[in-house]
Structure formats: structure tokens, C-alpha cells
Amino acid sequence: MTVVRSLALFVLAALAEIGGAWMVWQGVREHRGFWWVGAGLVALGLYGFVATFQPDAHFGRVLAAYGGVFVAGSLAWAMVMDGFRPDRWDVIGAAICILGVLTIMYAPRA
């Protein structure tokens, strides 16, 4: 159950951070306005809290592992929200990152 909770928190963190950054991008670069930027900043702030709920108490480990989630999640977000089509190298790179997440967070430790 701890692994499932941890994975769910990683997904929630990715939605908040990637979604927040995307909203800021939309507000500034796509000229959608202040409300998009403001909503993005709120989402980015919420992202900052999500990691604190991870079961592992080591900040560095959690954030290092989250980096892999961010990479794969960013590609997935771009596919859904922007119609981006990753090439095989994007997919291979994301898979390597997810393998890193699983190794960092869930490898057996003494």
C-alpha cells in the first residue's frame, strides 16, 4: 500500500507542477491572461506541498526520483494537451527515467 500511495503522490505532484507551469506558459506566451498565470502559480504552490506527504523521509531521494516522473509526465502532458508526438528516443528516455524512479524509491534497502 505504501508504494501505491507513493506513486499516487508522484502523479499528483506531476499534475500540479506540470499543469501549473503549462498554465503560466499559456498565460504569458500564448497571451491568455493573468488568470492563467495566477492559476498556474497556485498549482505550482500546491506542488510544493505534495512531496511532503511521501512516505520516504529523505528529501533528496524523493526529489531525485520525482525528476524522472517529471520527465515522463511532461511528455505525456504535451501529448494530451498540445498534440505532441514523441519519437522513439523520447519514449526510451522517459522509460529510463521511470526505471530510475523505481530504483531510487523502491529498491530494497537494508
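Rounding to the nearest 10 and keeping the result within 0 to 90°, find how far the Cα-based axis of helix 34-50 lies from the longest principal axis of the chain.
10
From the backbone phi of region 93-102, what are the Karplus-calculated ³J(HN,Hα) couplings (6.51 cos²θ - 1.76 cosθ + 1.60, θ = phi - 60°) in whole Hz, Gly and Pro given as x?
Going residue by residue, I get x, 5, 5, 4, 4, 5, 4, x, 4, 4 Hz, with x marking Gly and Pro.
Within 10 Å of each residue's Cβ, count the other Cβ atoms and sort Ile98, Ile18, Ile92 from fewest upward.
So the residues, fewest neighbours to most, are Ile92, Ile98, Ile18.
How would Glu30, Glu17 line up from fewest to most surrounding beta-carbon atoms within 10 angstrom?
Ordered from fewest to most neighbouring Cβ atoms within 10 Å, Glu30, Glu17 come out as Glu30, Glu17.
From the helices alone, meaning DSSP H stretches of at least four residues, give me the mean residue ellipticity at 222 nm for the chain, per-run term -39500 (n - 2.57), in deg cm²/dmol to the nearest 500.
Theoretical 222 nm ellipticity from helices: -27500 deg cm²/dmol.
Take the Cβ-Cβ distance between His31 and Ala110 as r, set R0 to 41 Å, and report the resulting FRET efficiency rounded to the nearest 0.05.
Working from the Cβ atoms, E equals 0.15.
Could you tell me the calculated FRET efficiency between Leu46 and Leu102, based on Cβ-Cβ distance and R0 = 25 angstrom, to the nearest 0.05?
0.50
Suppose the chain between Met79 and Val4 were pulled fully straight at 0.36 nm per residue; how much longer would it get relative to their current alpha carbon spacing?
Once the chain is fully extended between Met79 and Val4, it gains 24.5 nm.
If you take every residue apart from Trp22 with its C-beta less than 13 Å away from the C-beta of Trp22, what net charge results, scoring Lys and Arg +1 and Asp and Glu -1?
Local net charge: -1.
Every read-out reported here was derived from the displayed coordinates using simple, explicitly stated rules and does not represent laboratory data. Just so you know, these numbers come straight off a predicted model, no measurement behind them. Reconstructed Cβ throughout: ideal geometry from the backbone, glycine too, with neighbour counts over all protein chains shown.
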